[in-house]
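Worksheet: one structure, shown below.
Bear in mind that the values in this text are calculations on the coordinates, not laboratory data. Bear in mind that the values here come from a model prediction, so they are computed numbers and not experimental data. All Cβ positions, even for glycine, are placed from backbone atoms using ideal geometry, and neighbour counts span all protein chains on display.
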Amino acid sequence: MSDAAAVGGRRRRVIIVGSGPAGLTAAIYAARASLQPLVIEGEPSSTSDQPGGQLMLTTDVENFPGFPDGIMGPELMLKFREQAVRFGAEFITATATAVDFSERPFVVSVREDRYEADSVIVSTGAQSLMLGLEAESRLLGHGLSTCATCDGFFFRNQQIAVVGGGDSAVEEATFLTKFATKVIMIHRRDTLRASKIMQDRAFANPKIEMMWNTAVEDLVGEEKLEGAVVRNVVTGERTTLPLTGLFVAIGHRPNTDLFKGGLDMGDDGYLVTAPGSTYTNVPGVFACGDVQDHVYRQAITAAGSGCMAAIDCERWLEAQH
């Protein structure tokens, strides 16, 4: 019997779309509040809708409170999920394909199956933009990273590089100088796109070296990163940089295509929530985690906002009935 068939088509108090730290924390809190949440967790084959979120692609997690010896990302997410199940949350391992927030009950569709809900919590997350190289999937978490705050500690006294030229790239590079002996900034242009103050910080940092007019064409290493093949876009010259770490900082994309036209979002695509809350512009629809957070993007802050969403949702439902 399929997940969809197992949970049936009955109306729900709350449906949670997405199952990263935010969605699963929301599920734990909603289940403990006897809201019997239904979690549409995504599909394992999807890069943008991975059950468990981006932590499923992460190896060691050493900055999540409660695990002094660290924990593997997938193991941490499994513990989140087991806790939600323990309190009564139900799961569909599939991707939501359509939503209708125009009237209540809201409708969330998974292909031909329709699920009605009094409220919806959106926690579909965001994905880091990647370089599009074949080796990325093999080396992600093995020297290749998209989060300096998460992984910088592992690169003490090493030579590493950051790809990108915006504020995020400069911020990552500056942070990484706390650990690395040298940080090379690889940028396709001959000037940074970062704000003036961020540029000044980068140029003044003796540990940061600029590599202008350069693109990364390939990664070296089978089980762990050993280097990067780069090409000068002006001269065409190719060289191999010996590196033990490469951080991709070319931007993030929130997974909000499903909600276009239904929920307010900024020019960058992130869902807009009322200050200090998880309320969206549609009463009864809440958003939490990286789908609405373009500042912190950490598992612990996502989990915190998932807690907020469940509490906001519970109080809103109570007020309606």
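P(r) tail for the range 126-192, what percent of Cα pairs lie past 17 Å?
That fraction is 42 percent.
Neighbouring Cβ atoms within 10 Å as the yardstick, rank VAL248, VAL17 fewest first.
Lowest count first: VAL248, VAL17.
GluC sites (Glu not before Pro) within the range 60-113: which are DSSP loop residues with at most 15 other Cβ atoms inside 10 Å?
Of the GluC sites (Glu not before Pro), the ones in loops of the range 60-113 whose Cβ has at most 15 other Cβ atoms within 10 Å are GLU62, GLU103, GLU112.
In the chain, what cysteines have no partner Cβ closer than 4.7 Å?
Unpaired cysteines in the chain: CYS288, CYS307, CYS313.
Computed from the coordinates I sent, semi-axes √(5λ) of the Cα gyration tensor in Å equals one of (i) 38, 24, 18; (ii) 39, 20, 18; (iii) 28, 24, 23. Tell me the label.
(ii)
Pull out a ≥ b ≥ c, the square roots of the eigenvalues of the alpha-carbon gyration tensor of the range 130-248, then state rounded if a/c is under 1.5, prolate if not and a/b is larger than b/c, and oblate in the remaining case.
Here the range 130-248 falls in the oblate category.
Can you compute the charge dipole magnitude of the chain about its Cα centre, using +1 on each Lys and Arg Cβ and -1 on each Asp and Glu Cβ, nothing else charged? Give it in debye, rounded to the nearest 20.
Taking the Cα centre of the chain as origin, the dipole is about 420 debye.
Sort the following peptides by mean Cβ neighbour count (other Cβ atoms within 10 Å, averaged over residues), highest first: 261-268, 117-124.
117-124, 261-268
Between the alpha-carbon centers of the range 126-203 and the range 238-286, tell me the distance in whole angstrom.
Each part reduced to its Cα centre gives a spacing of 19 Å.
For the range 169-321, take N as its residue count and report Rg(C-alpha) divided by 2.2 N^0.38 Å.
In units of the globular-protein estimate, the range 169-321 measures up at 1.39.
Grab the beta carbon distance between SER102 and ALA215, set R0 = 45 Å, and tell me the FRET efficiency rounded to 0.05.
Approximately 0.50, to the nearest 0.05.
Identify all lysines with a Cα-Cα distance to LYS260 below 25 Å; exclude those on the same chain that are fewer than 8 residues away in sequence.
List returned: none.
Along its three principal axes, how long is the range 26-149 when you only count alpha carbons? Whole Å, largest extent first please.
So the extents along the principal axes, rounded to whole Å, are 47, 35, 20.
Under a cut-off of 23 Å between alpha-carbon atoms, report the lysines in cross-link reach of LYS178, not counting same-chain residues fewer than 8 places apart.
Answer for LYS178, where 23 Å is the Cα cut-off: LYS196, LYS207, LYS224, listed by chain and number.
Which of HIS252, HIS142, HIS187 comes first, and how do the rest follow, when ranked by fewest Cβ neighbours within 10 Å?
Lowest to highest Cβ neighbour count: HIS142, HIS252, HIS187.
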